[in-house]
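The structure appears below as structure tokens.
The values are calculated or read from the model by the stated rules, or taken from the named source; none is laboratory data. These numbers come from a predicted model, not from an experiment. No Cβ is skipped: glycine too gets one built from the backbone with ideal geometry, and neighbour counts run over all protein chains shown. These area figures cover heavy atoms from the full protein model, side chains too; ligands, DNA and RNA do not enter into them. Shrake-Rupley method; radii C 1.70, N 1.55, O 1.52, S 1.80 Å.
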There are 2 protein chains.
Amino acid sequence: MTQTVDRSAPTDTPQARVDAWLARFEAALAARDLPAAAGLFAAECYWRDLVSFTWNITTVEGRQGVTDLLAACLDGTAAAGFRTTETPSEADGITEAWIEFETVTGRGTGHLRLTGEGAWTLLTSLSELKGFEEPRQERRPRGVEHTVTPDRRTWAEDRALEQEQLGYQRQPYVLVVGGGQGGIALGARLRQLGVPALVVERNERAGDSWRKRYKTLCLHDPVWYDHLPYLPFPDNWPVFSPKDKIADWLESYTRVMEVPYWTRAEVTSASWDDESKRWTVTVDRDGTDTVLTPRHLVFATGVSGKPTLPSFPGMESFEGDQHHSSRHPGPDAYAGKKAVVIGSNNSAHDICAALWEHDADVTMVQRSSTHVVKSASLMELGMGDLYSERAVRAGITTEKADMIFASIPYRLMAQFQIPIYEKIRERDADFYARLEAAGFRHDWGEDGSGLFMKYLRRGSGYYIDVGASELVADGRIKVAHGQVDHLTRAGVVLEDGTELAADVVVYATGYGSMNGWVADLVDRETAERVGKCWGLGSGTTKDPGPWEGEQRNMWKPTRQEGLWFHGGNLHQSRHYSRYLALQLKARYEGIPTPVYGVPEPHHRA
Amino acid sequence: MTQTVDRSAPTDTPQARVDAWLARFEAALAARDLPAAAGLFAAECYWRDLVSFTWNITTVEGRQGVTDLLAACLDGTAAAGFRTTETPSEADGITEAWIEFETVTGRGTGHLRLTGEGAWTLLTSLSELKGFEEPRQERRPRGVEHTVTPDRRTWAEDRALEQEQLGYQRQPYVLVVGGGQGGIALGARLRQLGVPALVVERNERAGDSWRKRYKTLCLHDPVWYDHLPYLPFPDNWPVFSPKDKIADWLESYTRVMEVPYWTRAEVTSASWDDESKRWTVTVDRDGTDTVLTPRHLVFATGVSGKPTLPSFPGMESFEGDQHHSSRHPGPDAYAGKKAVVIGSNNSAHDICAALWEHDADVTMVQRSSTHVVKSASLMELGMGDLYSERAVRAGITTEKADMIFASIPYRLMAQFQIPIYEKIRERDADFYARLEAAGFRHDWGEDGSGLFMKYLRRGSGYYIDVGASELVADGRIKVAHGQVDHLTRAGVVLEDGTELAADVVVYATGYGSMNGWVADLVDRETAERVGKCWGLGSGTTKDPGPWEGEQRNMWKPTRQEGLWFHGGNLHQSRHYSRYLALQLKARYEGIPTPVYGVPEPHHRA
């Protein structure tokens, strides 16, 4: 499978340059010549690997990083067969190529950016495990055996038997806690890969994690960004799905993808037995305790799943309604009432707008500055090249868009993002001027890198404006500033003494790290050993260093054997569920999975 | 929009020939020069139109047919802008081209086959109505208005209100009777086009028309042939869907496509008022009569929906179980029992095989010869070029395959089919020899054109072998021959005196013409005025002449204003629902729809 450079071919084309680089890289790997391999990279370089070399999601930086990675992973990987999958392109002195390759266990795809100095970025990712390819296209099941045999069971009988036995006579190999978009996407992938898994969801129906939220909620991300694995939305699907529509889709998807799924099933405790290498998990299924003993436990409980409810003095004596934004019932009961919403991010804005629409008197309490970007600007300038009808027409499938996005190392991502927000700042200058004139405190992120970096670093601190900012700008939603000091029987008092009368107080105060669920269900010691989830270690607000290079603990091995975290927006649920599922499949099949570079946890929560 | 031939281009390429033909055709239409237009066709020629020129589904033959069609339709159509949509090809002296064009009301696509003499076949079809394009891709709904307005209703509230009002405060413009695959596909298209429609289904759940059939049933057509509009099956879908899986899909599809759909709703009577131009339809909805007044009534009750139950002497005194195949409960209750199945087509074979699998003693009564083709051979030789993974890889999307299929006039189709069955006869010679040696009477259709022509002509007379034929060949399913004379208390007696003891008799005796439903629900006079549905008028068994050139009464205007028939396999439900929906949409929007060539009915049922 080794490629050689055709000496007669022109050497100054992007294709020739990439072919030559790949041939040298492969030769260096074959010769186990680490200096030669590292020397093919530029001094500033990034190699991002999604479980193809490292059985981890990790990015190494610099030639030393490349050398470290190869020293640890080369022998077990035996990567070869590097080749381009389409003609490379060149722009601004950077040659870009889509590549594929094989390892001893799997087939991979990747992306390469070359400068005159060598490789600037390299992405390698595992696509499938050899011998365990998914049953799709030519490999799809026949559905019926075209022979006739006595006592043949039908599909419906097989499904019924499976549902009856799973969790009782047969234990799942993987238990996925939480059946929102993340759990469902992962469940679908594990189903496809033939890994016995079970998704447990505490609500009554799949989709309830959306269905039960405030009634005016719509996805803030556009449809092209939101597809689930295997079954994309039809092309009549709305750009921004209303919550009940996406909920219905998730419910239907769970059924047609045959995801093993329990509703009304809440995990109440879990413990790891290091001898049997199994979890003991107690699930309250519709009022009855059931004990499951999976080998792997995946928390798919939502990056925004663990509400942070503040404890202000006087809350217990407040006589109106008060609740976290995740429990907000919607505006219907509050017409003519005084509402105070603590917080100024997405949920706060959506809830304030809906309350205003229903004739409530609304005050938003802004505790710190917030980044706002108009949805249309974000769609056009921030996402349009990858996720839009325009992108689809240009041949950027969702899968390709995901890989383009994945090819940008997090260290470089801010510098890719800053120019987008400079354009938005210019385009919407009047909007920002009006917003700030109304007293709203606005920021662009500490380095001006805007919304997506705030999402990746801290998962908070922004609002995608779908209309509420106009209400703020013209004073229909009032804005107060500062920290809450205490509540009275009839309202909220801020630190500067401002008193806000309230019939209802909504705490749009965000969510805690996902390892908080581990503290609740396993124990605090395990939660702290695993450490904080999410964030890059950028050293910006709410994302303390040191630099991690990847999202902490997400979709990859943690410091607790058999414990995993899955989550994020629909894009991340779709894309990273692939790599998490492949990691679990490899373990299920007994394929060696030596993990390179599990980071030390630096933050407990 | 007129194209002219570039004189400098080579004139001997397929592209040049097609461009020249289209330019001359368009010029002749513009000049209203019927002889010139007809003269561009070969002496043997076929023009098939799917509602773009004729507001009908019709095929004209010969230059006289072309002249007739144009004389009637030219003025109202103003067709122009004919051009190729991809590079034409040539093989065996025939140049083939995909084309597009516009009319005064819509945009169309089509297909052209040229010989040296002129056009041999022309397909023209309406794709969309100008000004009423479907909200897809760039035109998809936003899902949320990015403004904030008081008392905005959510998607869920709108849907709930619609469901509450439809059929009560608001009348559907179209009532679709029957919510199987046909009704659902049409319902989805009408929804997309914004035509107020309601689908009524007598069963408890969407999909029950499959779910309630015998438990071993799987689709006999492969997945590539079975996609519904808008939302194709994912690529992990089995080749042959088990009935419960396709049922679940239909149920989910109905919901995610937002098809207005009543379950437990059975039409009990319908009458047309020629003054108000409306139907009065009584629907028993979950035990309560509801009167609907739609403008159009579509029977989507299943081409195989109206069971033909024979009346043999002695049936009333038979002491075992007896039922039509459509009511067969499956084999579970018949282990160790004697089963006699009257009939030898698809249902008979499936039911016999399942009974044999469950240890019944099974006799099939073959009343006339049957065409059998092995599923694998049909897939590979009969469908593989259009509907298969191989076709998908060759760029033959389902939509393109449908159009290729549609481009072959029914008059020519048998001659396209015969060579396929000659190959199958050769390939499976041993199989047929064994089958016939076991006494099974086999045929290839009267002209050797095989299964698909039997389907189109009579909808019966064949079995797609998914295993039962082997049981017949080796005698595990016994075969008796001849007509049933009468039943006794304990069995079936054939005309030759053969007595077959039976604990259960299954009448796999097929289905009647869909206009039988009209007789039941409207009246016999209307049913007879409309006449027989299905069949081509080929003059072969069960498809008496005269030649119709299209499926009788299907998906097009009938002799009863406001009365339509929709149905067929999943391919036909998908493809023809488009043209039926466009016809209904045009009427809903008040677009003139002068119909060319509604045939005289020649057969009552």
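Quick grid of which residues meet (1) more than 17 Å from residue B:48 (Cα to Cα); (2) more than 14 Å from every other protein chain (Cβ to nearest Cβ); (3) at pLDDT below 95; (4) surrounded by fewer than 16 Cβ atoms within 10 Å (Cβ to Cβ):
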| residue | (1), (2), (3), (4) |
| --- | --- |
| B:364 | yes, no, no, no |
| B:370 | yes, yes, no, no |
| B:375 | yes, no, yes, no |
| B:409 | no, yes, no, no |
| B:414 | no, yes, no, no |
Considering only strands (runs of 3 or more DSSP E) fully contained in segment B:237-304, which possess at least 2 residues that are under 24 Å from residue B:532 (Cβ atoms) and open to solvent by 10 Å² or more (accessible area, probe 1.4 Å)?
B:265-273
Whether any residue in segment A:328-342 is more than 24 Å from residue B:153 (Cβ to Cβ), open to solvent by less than 70 Å² (accessible area, probe 1.4 Å) and under 30 Å from the mean Cα position of the chain (by Cα) is what I want to check.
yes
Picked from segment B:470-484 (must be more than 14 Å from chain A (Cβ to nearest Cβ) and of a type outside the set (S, T, N, Q)), the residue nearest to residue B:338 (Cα to Cα) is B:478
Those residues of segment B:57-76 which are in contact with a Leu (Cβ under 8 Å, 6 or more places away or on another chain) and more than 18 Å from residue B:549 (Cα to Cα) amount to B:71, B:74
Limited to segment B:420-469, what total is found for residues that are of a type in the set (Val, Ile, Thr), within 14 Å of chain A (Cβ to nearest Cβ) and open to solvent by 10 Å² or more (accessible area, probe 1.4 Å)?
1
Please note which helices (runs of 4 or more DSSP H) are completely contained in segment B:13-83 and include at least 2 residues that are modelled with pLDDT under 95, within 27 Å of residue B:582 (Cβ to Cβ) and open to solvent by 40 Å² or more (accessible area, probe 1.4 Å).
B:62-77
Please enumerate the residues belonging to segment B:121-149 that are assigned to a strand (DSSP E or B) and of a type in the set (Ser, Thr, Tyr).
B:121, B:124, B:125, B:127
Which condition breaks for residue A:97 when tested against (1) out of contact with any helix residue (DSSP H, G or I) (no Cβ under 7 Å at 6 or more places or on another chain); (2) buried (at least 20 other Cβ atoms within 10 Å of the Cβ); (3) on the phi < 0 side of the Ramachandran plot; (4) more than 13 Å from chain B (Cβ to nearest Cβ)?
(1)
Go through (1) in contact (Cβ under 8 Å) with a residue 24 or more places away in the chain; (2) more than 13 Å from chain A (Cβ to nearest Cβ); (3) at negative phi one by one and return the number of the condition residue B:164 breaks.
(1)
Could you go through segment B:570-585 and let me know if any residue there is surrounded by fewer than 19 Cβ atoms within 10 Å (Cβ to Cβ) and of a type in the set (D, E, K, R).
no
Just one of (1) assigned to a loop (DSSP other than H, G, I, E, B); (2) touching a strand residue (DSSP E or B) at 6+ places or on another chain (Cβ under 8 Å); (3) under 18 Å from residue A:337 (Cα atoms) trips up residue A:509, so point out which.
(3)
Restricting to segment A:216-246, give me the number of residues that are at the interface with another protein chain (Cβ under 7 Å from one of its Cβ atoms), within 18 Å of residue A:374 (Cα to Cα) and aliphatic (A, V, I, L, M).
1
Return the residue satisfying two criteria in turn: it lies in segment A:187-210 and is modelled with pLDDT of 95 or more and within 12 Å of another protein chain (Cβ to nearest Cβ), and of such residues it is surrounded by the fewest Cβ atoms within 10 Å (Cβ to Cβ).
A:194
Yes/no for residue B:507 being buried (at least 23 other Cβ atoms within 10 Å of the Cβ) and hydroxyl-bearing (Ser, Thr, Tyr):
yes
Total residues in segment A:470-480, condition in contact with a Lys or Arg (Cβ under 9 Å, 6 or more places away or on another chain) and open to solvent by 10 Å² or more (accessible area, probe 1.4 Å):
4
Test residue A:536 against the stated conditions and say whether it is aliphatic (A, V, I, L, M) and either in a loop (DSSP other than H, G, I, E, B) or open to solvent by 30 Å² or more (accessible area, probe 1.4 Å) (or both).
yes
Residues being assigned to a helix (DSSP H, G or I) and under 19 Å from the mean Cα position of the chain (by Cα): count how many of those fall in segment B:165-207.
10
Residue pairs, Cβ under 8 Å, 6 or more apart or interchain, first in segment B:465-479 and without any contact (Cβ under 8 Å) to a residue 24 or more places away in the chain, second open to solvent by less than 40 Å² (accessible area, probe 1.4 Å). List them.
B:470/A:148
Unique match (being within 14 Å of chain B (Cβ to nearest Cβ), outside any loop (DSSP other than H, G, I, E, B) and either at negative phi or open to solvent by less than 40 Å² (accessible area, probe 1.4 Å) (or both)) among A:152, A:213, A:159:
A:159
Can you tell me which residue in segment B:113-145 is farthest from the other protein chains (Cβ to nearest Cβ), limited to those that are surrounded by 17 or more Cβ atoms within 10 Å (Cβ to Cβ) and without any contact (Cβ under 8 Å) to a residue 12 or more places away in the chain?
B:140
Across segment A:447-457, which residue is nearest to residue A:420 (Cα to Cα) among those that are touching a Gly at 6+ places or on another chain (Cβ under 6 Å) and not hydrophobic (A, V, I, L, M, F, W, C)?
A:454
Being in contact with a Lys or Arg (Cβ under 9 Å, 6 or more places away or on another chain) and open to solvent by less than 30 Å² (accessible area, probe 1.4 Å) is the requirement here; does residue A:219 meet it?
yes
Applying the selection to segment A:445-474, what residues are of a type outside the set (A, V, I, L, M, F, W, C) and in a helix (DSSP H, G or I)?
A:450, A:454, A:455, A:457, A:469, A:470
For residue B:255, only one of the following conditions fails: (1) within 14 Å of another protein chain (Cβ to nearest Cβ); (2) more than 26 Å from the chain's Cα centre (by Cα). What is its number?
(2)
I'm checking my understanding of the structure. Among residues of segment A:305-314 that are touching a Leu at 6+ places or on another chain (Cβ under 9 Å) and of a type outside the set (Gly, Ala, Ser), which one is most open to solvent (accessible area, probe 1.4 Å)?
A:313
Pick from A:487, A:500: which is away from chain B (no Cβ under 14 Å), surrounded by fewer than 23 Cβ atoms within 10 Å (Cβ to Cβ) and not in a loop (DSSP other than H, G, I, E, B)?
A:500
